[in-house]
Amino acid sequence: MLFDRMGIDIWEVIEAARTKPFGFQAFYPGPGLGGHCIPIDPFYLTWKAREYDFSTKFIELAGEINTYMPYYVVEKTVDALNQNGVAIKGARMLVLVWHTKET
């Protein structure tokens, strides 16, 4: 979301990061909360940390951003439709989600 506001193409950044000769794994932005490993599982740690009076602010802040993503995607979709003179009401669209695993 920050890169979008800054006018930076996230796909260009991922492609540039991919040029380093070691240790690269691409993480692509998605439309919101998804699987478990990144957006969900850390909250189990947050819950447990509270028993030990320990703060996990970074995990909680990341969760806030992930929670907002579906709204952000809708906002960007509405903006794209408006830029093309299409009203959201009655608009028909196809949403395709792909997942690739690069080796």
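How many of the residues in the stretch 29-60 are open to solvent by 100 Å² or more (accessible area, probe 1.4 Å), at pLDDT 85 or above and outside any loop (DSSP other than H, G, I, E, B)?
So in the stretch 29-60, the residues open to solvent by 100 Å² or more (accessible area, probe 1.4 Å) come out as 36-38, 44-45, 47, 50-54, 57-58.
Now drop any that are not at pLDDT 85 or above, which leaves 47, 50-54, 57-58.
Now drop any that are not outside any loop (DSSP other than H, G, I, E, B), which leaves 47, 50-51, 57-58.
Looking only at that region, the number is 5.
Being part of a helix (DSSP H, G or I) and either open to solvent by 100 Å² or more (accessible area, probe 1.4 Å) or under 23 Å from Val74 (Cβ atoms) (or both) is the filter here; which residues of the stretch 1-13 pass it?
Hits for the stretch 1-13 are Leu2, Phe3, Asp4, Arg5, Met6, Ile10, Trp11, Glu12.
Identify all residues within the stretch 68-98 that are closer than 18 Å to Asp4 by Cα and open to solvent by less than 80 Å² (accessible area, probe 1.4 Å); write none if there are none.
Passing the criteria: Met69, Pro70, Tyr72, Val73, Lys76, Thr77, Val78, Asp79, Ala80, Leu81.
Return the pairs, sorted by first residue and then second, in which the second residue is open to solvent by 70 Å² or more (accessible area, probe 1.4 Å) and aromatic (Phe, Trp, Tyr), the first residue lies in the stretch 3-20 and is closer than 19 Å to Ile65 by Cα, the beta carbons are less than 6 Å apart, and the residues are 6+ apart or on different chains.
Correct list of pairs: Ile10/Phe3.
Would you check if Ile88 is more than 21 Å from the chain's Cα centre (by Cα), modelled with pLDDT under 90 and not charged (D, E, K, R)?
yes
The values are calculated or read from the model by the stated rules, or taken from the named source; none is laboratory data. Being a predicted model, the structure only gives us computed values, none of them experimental. When we count neighbours, we look across all protein chains shown, and the Cβ atoms used for this are built from the backbone with ideal geometry, even at glycine. Side chains included, ligands, DNA and RNA excluded: accessible areas come from the protein's heavy atoms. Shrake-Rupley method; radii C 1.70, N 1.55, O 1.52, S 1.80 Å.
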